[in-house]
1. Farthest toward the dipole's positive end in the range 92-172, which of Pro168, His113, Leu124, given Cβ charges of +1 (Lys, Arg) and -1 (Asp, Glu) about the Cα centre?
2. Quick one: ranking Lys192, Lys261 by accessible area, 1.4 Å probe, largest first, what do you get?
3. Heavy-atom accessible area of Asp202 with all protein chains present, probe 1.4 Å, nearest 10 Å²?
4. Taking the Cα centre of the chain as origin and charging only Cβ (+1 Lys, Arg; -1 Asp, Glu), how large is the dipole, in debye to the nearest 20?
5. To the nearest 0.05, how large is the calculated FRET efficiency for Ser338 and Asp46 if R₀ is 25 Å and r is the Cβ-Cβ distance?
6. By accessible area of protein heavy atoms, probe 1.4 Å, what ranking do Tyr297, Tyr326, Tyr48 get, highest first?
7. At a probe radius of 1.4 Å, what is the per-residue accessible area of Glu151, in Å² to the nearest 10?
8. With charges only on Cβ, +1 for K and R and -1 for D and E, what is the dipole size of the range 92-172 about its Cα centre, in debye, rounded to 20?
Amino acid sequence: MKNKIVSAVITAVLFILTSCAADAPDDSIAGVTGEKKSSGSVFAMDTYMTITAYGKNGEKGIEAAQKEITRLEKLWSVTDENSEIYAIDHSGGTDVEISTETEEILSFATDMHRRTKGALDITLYPVLRAWGFTTGEYRVPDEDEISALLECKGVDMIKVDSGKVSVPENTEIDLGAIAKGCAGDAAAEALKDQGVTSALLDLGGNIQTVGDTKPDGTKWKVGIRDPFGEGSIGTLSVGECAVITSGGYERFFEQDGVIYKHILDPETGRPAESGLASVTIIGNEGRTCDALSTSLYVMGLDDACGYWRENGDFDMILVSDEGGIYVTEGISDSFAPSAGNVTVVKR
Ligand code: ADP
Ligand code: MG
């Protein structure tokens with residue numbers, strides 16, 4: 001309880017301290033001249049998020065977006081005893097009443113599980129816990145422990161029906177792979193509802209934009225992080241969209257010279273070793289991009305390209321463990337690599 005109060009206070013203080021408006025041009029993000037610029041930050045969903053809005057209503061928009069993010073975090077946190085996900089995870093197999101938002105995200109996750117042939121699985125929480133990814137107390141579980149925990153997987157057994165959900169008794173849900181993308185969609189909508197037509201959201205590396213161009217009429221420029229270092233592998237010019245990256249570098253630990261990363265292969269219950277170092281998905285919807293960045297990372301290069309060819313309404317940038325960069329043809333002209341070997345992936 002005390003922790004919760006402290007974190008609520010920190011969240012509020014962070015937001016207040018950084019929420020400001022300025023008429024100064026900002027060349028670092030937008031190269032905007034003369035446009036009013038507002039920005040706000042919030043710590044939510046285990047990450048630091050910043051929102052920058054241009055033009056009038058920016059502050060109102062940011063406040064509304066920030067409220068949306070905190071509201072969704074309260075519904076979907078795995079650790080907050082008052083969240084709907086916490087209630088589901090501790091329901092012992094009985095029905096739990098849920099909000100429309102939770103019903104929607106669960107249906108979406110179930111659908112994406114099917115589409116990705118199981119690569120996205122929101123019921124890996126017990127396995128993630130065994131590896132210590134939920135607490136930071138890392139360890140390597142043995143095969144028997146992993147096999148026993150994999151018995152608790154159960155996306156196909158999540159029953160969602162008119163405001164209620166039930167999951168099998170030992171199954172636990174964690175929305176870590178998709179919640180930030182969904183929150184980004186809701187935050188972008190909240191900004192638009194307040195009349196904001198130009199904004200950039202950075203939700204812990206998940207980028208979402210509002211408006212096809214910056215106020216100066218040029219495209220948004222998004223740096224794509226180098227999975228092997230601090231810099232970027234290049235810059236992507238985009239309109240209104242989401243640009244979402246998953247990579248093992250986000251959270252990992254090393255034991256006896258082996259690196260264990262936080263994205264698990266649902267089939268083995270072990271960190272995915274697919275040959276990919278990072279996956280960036282570019283598309284209209286944050287939630288789909290977030291779901292795909294995690295699941296195509298699990299699939300690896302060939303299956304990810306296969307998925308793209310079959311489903312296609314998105315683009316992607318894949319970086320292999322060897323440092324090769326693979327870019328789908330739809331964005332090959334808008335991606336300016338800073339270095340490296342780029343291959344264009346065709347239909
Ligand atoms: P991040 O949250 O670091 O930006 P992701 O969107 O890729 O990265 O989500 C990774 C998180 O999703 C993990 O920390 C874990 O909670 C959860 N997770 C890990 N493997 C899977 C998987 N195969 N399917 C669904 N969720 C997963
Ligand atoms: Mg994801």
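The values are calculated or read from the model by the stated rules, or taken from the named source; none is laboratory data. What you see is a predicted model; the values in this text were computed from it and never measured. We place every Cβ from the backbone using ideal geometry, glycine too, and count neighbours over all the protein chains shown. Side chains are part of the model used for accessible areas, which takes the heavy atoms of the whole protein and leaves out ligands, DNA and RNA. Shrake-Rupley method; radii C 1.70, N 1.55, O 1.52, S 1.80 Å.
1. It is His113, whose Cα lies furthest towards the positive end.
2. Lys192, Lys261
3. 50
4. The dipole of the chain has a size of about 940 debye.
5. On the way: r = 29 Å, r/R0 = 1.16.
Calculated transfer efficiency: 0.30.
6. Values: Tyr297 5, Tyr326 55, Tyr48 110 Å².
Of Tyr297, Tyr326, Tyr48, the descending order of accessible area is Tyr48, Tyr326, Tyr297.
7. Glu151 has an accessible surface of roughly 150 Å² with all protein chains in place.
8. 260
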